[in-house]
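J.: A single structure is presented below for examination.
The values are calculated or read from the model by the stated rules, or taken from the named source; none is laboratory data. Quick caveat, the model's predicted, so the values are computed rather than measured. Every residue, glycine as well, gets a Cβ built from its backbone with ideal geometry; the counts of neighbours run over all protein chains shown. Only protein heavy atoms, including side chains, enter the accessible area calculation; ligands, DNA and RNA are left aside. Shrake-Rupley method; radii C 1.70, N 1.55, O 1.52, S 1.80 Å.
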Amino acid sequence: MSYPHLLEPLDLGFTQLRNRVLMGSMHTGLEDIPDSHNRMAAFYAERAAGGVALIVTGGFMPNEHCLPPGELPVFKQEGAVEKHRVITDAVHKEGGKICLQILHTGRYSRTENLIAPSPIQAPINRYVPHEASEEQILQQIEDFANFAAFCQEAGYDGVEIMGSEGYFINEFIAKRTNQRKDRWGGSFENRIRLALEIVRRTRERVGTNFIIIFRLSMLDLVEGGSSFEETVLLGKALAQAGVSIINTGIGWHESQIPTIATKVPRGAFTWVTAKYRDHLPVPVITSNRINTPELAEQVLAQGDADMISMARPFLADPHFVNKAAANRSAEINTCIGCNQACLDHIFNGQLTSCLVNPRACHELEFQITPTTSPKNIAVVGAGPAGLAFATTAAERGHKVTLFDSATEIGGQFNLAKRIPGKEEFNETLRYFAQRLQTLGVEVNLNTRVTSAQLNAENFDAVAVATGISPRVPSIEGVDHPMVLSYVDVISGKATVGKRVALIGAGGIGFDVAEFLSHGDATPSQDIPVFMKEWGVDMTMAARGGIEGVSAQLEPSPRQIFLLQRKQTRIGANLGKTTGWIHRLGLMKRQVQMLAGCEYQRIDDEGLHLTVNGEPRLLAVDNVVICAGQEPLQELVAGLKIPCQLVGGANVAAELDAKRAIEEATRAALNI
Ligand code: FAD
Ligand code: NAP
Ligand code: SF4
């Protein structure tokens, strides 16, 4: 497939973008570490070399009302111009352009000094904001303009002004958070004054030949958000005030509707940008869950937007654009929307990376260099760990033979991909299959390998990536015919009744509950069904896209109990940025979650247990065991060849694909 719309340059008058692809803003954590500018330069330059037209940096905060106490904003730091020049020069050298995002976090700021239009606490922040005074408001405007002037001096091609996601500027725009009675609140005209003044003042300072992108909240997804008509008026006024491009913002951070997780259908919100495009006199960018060049091309071809913003897809594959341009899109390592190594890391105070590409944000330390002593390597197990090991070792010049007893590569990803909302996992398998082929790895499926077989061959080393076996807990009656393994349930080998108890509420217990509570509807594959399920009004008549709209959900075909022994909140160990979606989704399907369980026995009556000491009988048709896993290491005992355990075969506790891939990739770099 060719991508004429995606690869078409965009003329902004004073400057040209080489194609329609923008790398959206992501705070990666690189901003805050020693040597940050060199690391950022390497990170962004690799994306520019990969063909992205325009990069937006992670958000930089303009002053003490957002930053931790004592920290100066970048534009006031000594030597910052020179440091940021390293970044902008590196990007320009690769033919790309780069804007810095100025992000005023308003009432979401994690500092006691936070300000907002009104002193209304955000439901996701423990700090209550102070009401900004007139003087403070004027200073915020000045700080945006000063920051933009700094960016110009440091060689940036422009700035993005963050005006969405419920941050400071957005808080002024929406009635929900702005209850002021002065010239900055009350009427719509007053509420948008701050946004317009920031843009006007910034344009005055930087002149005409500098990109100003405004991230406009086109769908707030909270009550008390803006209406469609108001947002059109604001968009027009922003263009008049000097904005060059309008980017789409979807959903405030406090919104209870998923907007980027893997459960969200691909391209779920481009219809929103499309509704505004004809009304706005400047190019518009659409975003959210666009992760393939095919989809991006289609979105542009159908006229939804002038440009596509993708952020996480460039963590997964910096060379996305060049691969598409060279008709090699099957080689793209696709972002699966899991958030596990990007957003979850940031919220846990860790450096961003990517589950499918552990090199992301580690460009300087993580070099895939050719080996000086090529070996003949057997990799046993073609799950995520085996695939990562095999492809990395082959890329370094080793001769690699991969074995798996199954009929297809992928290991447990072949179960994960069957869970409603995890269809994206197919893409990782497609990517690895392509990579194995390109690198000439010999793949032997349907081949259960023993140590004796390996010893008899001429291998120099073995990577044991045999994964796990599901744990069978010692509960009386666990061998009763009603008891099923999650493997048989998800793979479709077992028939499951109408009433089900799931023993274990980890990631897999949640996924099995998701699997069993879905009927025929496929919200993750169908945008209107998804919007209906989460109560989003696609006519845009409702304020914020949701006010007064009730969610309509297909009822679960089963009564499900999700059980754990711990007293902690069920799902507490799920991903920080996605756990709430899993919990809310199951609660909407009336899945009953019980903590503090002690399992006593399983018999013809069902599951006998105590819940917080109280005896109960769950009269279920089936009990599904999702009680964790044990490493599968049977191969190691008889091996006479040097071997290395990776992934689940190494340690099964707290295993996930992120760890499996990273551990195996690093191991293959050192062999
Ligand atoms: P495995 O994937 O278990 O692969 C091991 C492979 O070795 C298998 O293909 C097996 O056939 C093969 N094998 C074993 N013994 C032999 C032998 N003797 N000879 C030949 N072949 C052999 N993780 C996440 O990070 N995010 C998620 O959202 C997520 N969702 C999941 C959902 C489900 C339903 C499941 C089941 C798992 C999920 N996981 C998820 C976990 C993730 O899939 C595992 O952590 C990952 O697959 C472990 O990789 P691995 O390569 O170590 O092992
Ligand atoms: P898990 O997360 O370790 O959960 C195991 C569950 O079984 C827990 O609820 C545990 O809770 C229970 N359990 C453990 N031992 C038990 C026993 N002897 N008897 C009864 N119950 C027992 O493991 P998992 O759900 O199998 O998932 C495996 C890995 O895949 C996870 O580590 C996870 O990271 C990954 N995964 C991730 C996702 C994701 O969305 N990120 C999705 C699926 C899987 P109690 O001990 O309190 O009963
Ligand atoms: Fe995408 Fe997951 Fe990688 Fe984040 S960690 S970039 S969501 S694949």
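J.: Within straight cross-link reach of Lys498, meaning Cα distance under 29 Å, which lysines are found once same-chain residues fewer than 8 apart are removed?
T.: Here the lysines satisfying the reach criterion relative to Lys498 are Lys263, Lys417, Lys422, Lys532, Lys566, Lys588.
J.: Here's another thing I want to ask about it. Grab the other residues whose beta carbon is less than 13 angstrom from that of Ala41, score K and R as +1, D and E as -1, and report the net.
T.: Values: positive: Arg39, Arg47, Lys83, Arg85, Lys93; negative: Glu31, Asp35, Glu46, Glu82, Asp89, Glu94, Glu363.
Neighbourhood net charge equals -2.
J.: Next up: Students often check this: by mean Cβ neighbours within 10 Å, which of 507-518, 243-254, 609-620 ranks highest, and how do the rest follow?
T.: 243-254, 507-518, 609-620
J.: Taking H as built 1.01 Å from N, whose amide H comes closer than 5 Å to the amide H of Gly497, not counting residues under 5 places away?
T.: Amide H neighbours of Gly497: Asn622.
J.: Mind checking which lysines have their Cα closer than 29 Å to the Cα of Lys375? Skip sequence neighbours fewer than 8 apart in that chain.
T.: Lys399, Lys640, Lys658
J.: Net charge within 9 Å of Ala116 by Cβ-Cβ distance, Lys/Arg positive one each and Asp/Glu negative one each, not counting Ala116 itself? Don't skip to the end; give the middle numbers.
T.: Values: positive: Arg107; negative: Glu131, Glu171.
Charge balance near Ala116 sits at -1.
J.: Follow-up. Taking a ≥ b ≥ c as the square roots of the Cα gyration tensor eigenvalues, with a/c under 1.5 meaning rounded and otherwise prolate when a/b beats b/c, else oblate, which class fits region 526-661? Show your work: numbers first, answer last.
T.: Numbers: a/c = 2.78, a/b = 1.41, b/c = 1.97.
Because a/c hits 1.5 or more and a/b fails to exceed b/c, region 526-661 counts as oblate.
J.: Can you work out ³J(HN,Hα) from phi for every residue in region 189-195, in order, using Karplus 6.51 cos²θ - 1.76 cosθ + 1.60 and θ = phi - 60°, giving whole Hz and x for Gly and Pro?
T.: Going residue by residue, I get 3, 6, 5, 8, 4, 4, 4 Hz, with x marking Gly and Pro.
J.: Next up: What full-extension length gain, to one decimal in nm, is calculated for Glu204 and Asp182 as 0.36 nm per residue of separation minus the Cα-Cα distance? Working shown, then result.
T.: Numbers: separation 22, 0.36 × 22 = 7.92 nm, distance 2.51 nm.
5.4 nm is the gain from fully extending Glu204 to Asp182.
J.: Also, quick follow-up: For region 542-635, state which GluC sites (Glu not before Pro) are in a DSSP loop and have at most 12 other beta carbons lying within 10 Å of their beta carbon.
T.: Glu605
J.: When the accessible area of the chain is computed with all protein chains present and a 1.4 Å probe, what percentage of it is carbon and sulfur? Numbers along the way, then the final one.
T.: Numbers: 12700 of 26100 Å².
Whole-percent figure for carbon plus sulfur exposure: 49.
J.: Using alpha carbons only, how many degrees (0 to 90, rounded to 10) separate the axis of helix 228-241 from the longest principal axis of the chain?
T.: Taking Cα atoms only, the helix is inclined about 60 degrees.
J.: Over the chain, what is the mean sequence separation of C-alpha contacts under 8 Å (at least six apart), divided by residue count, expressed as relative contact order in percent?
T.: Values: 1523 pairs, mean separation 81.7, N = 671.
Value for the chain: 12 percent.
J.: Let me ask something else. In Å and from the alpha-carbon atoms only, list the Rg and Dmax of region 459-573.
T.: Just the Cα atoms of region 459-573 yield Rg and Dmax of 19.6, 67 Å.
J.: For the chain, count the residues as N, evaluate 2.2 N^0.38 Å, and divide the Cα radius of gyration by that value, please. Let's see the in-between values first.
T.: Working: Rg = 26.4 Å, N = 671, 2.2 N^0.38 = 26.1 Å.
Rounded to two decimals, the normalised Rg is 1.01.
J.: Let me ask you something else. For region 180-233, just say rounded, prolate or oblate: build the C-alpha gyration tensor, square-root its eigenvalues into a ≥ b ≥ c, call rounded for a/c under 1.5, and beyond that prolate if a/b exceeds b/c, oblate if not.
T.: Details: a/c = 3.02, a/b = 1.52, b/c = 1.99.
Oblate.
J.: For region 317-462, what does the accessible surface come to per residue with a 1.4 Å probe? Please give it in Å².
T.: Per-residue accessible area for region 317-462 comes out at 39 Å².
J.: For region 108-180 and region 287-337, what is the centre-to-centre distance using only Cα atoms, to the nearest Å?
T.: 31
J.: Separate question: Tilt of helix 579-588 relative to the longest C-alpha principal axis of the chain, in degrees (0 to 90, nearest 10)?
T.: The angle comes out near 80 degrees.
J.: Highest first, please rank the peptides 523-532, 655-664 by the mean number of other Cβ atoms sitting within 10 Å of their residues.
T.: Working: 523-532: 18.8, 655-664: 23.9.
Peptide ranking by packing, descending: 655-664, 523-532.
J.: Can you compute the modelled spin-label distance between Lys76 and Arg616, with each label point 7 Å from Cα toward Cβ, in nm?
T.: The answer from the label model is 5.5 nm.
J.: Using the Karplus equation 6.51 cos²θ - 1.76 cosθ + 1.60 (θ = phi - 60°), what ³J(HN,Hα) coupling, rounded to whole Hz, does each residue of region 209-215 give in order, writing x for Gly and Pro?
T.: Along region 209-215, the couplings run 8, 8, 6, 10, 9, 10, 8 Hz.
J.: Continuing with this model, one more query. I'd like the orientation of helix 507-517 relative to the chain: the angle between its Cα long axis and the longest Cα principal axis, in ° from 0 to 90, rounded to 10.
T.: With rounding to tens, the tilt is 90 degrees.
J.: Now for a separate question. Specify whether the C-alpha gyration tensor of region 53-289 places it in the rounded, prolate or oblate class, a ≥ b ≥ c being the square roots of the eigenvalues: rounded for a/c under 1.5, otherwise prolate if a/b is larger than b/c and oblate if not. Provide the component values of the computation, followed by the final result.
T.: On the way: a/c = 1.41, a/b = 1.12, b/c = 1.26.
Rounded.
J.: Under a 1.4 Å probe, what is the accessible area of region 53-289 per residue, stated in Å²? Walk me through the numbers on the way to the answer.
T.: Details: 8230 Å² over 237 residues.
Roughly 35 Å² per residue, with all protein chains present.
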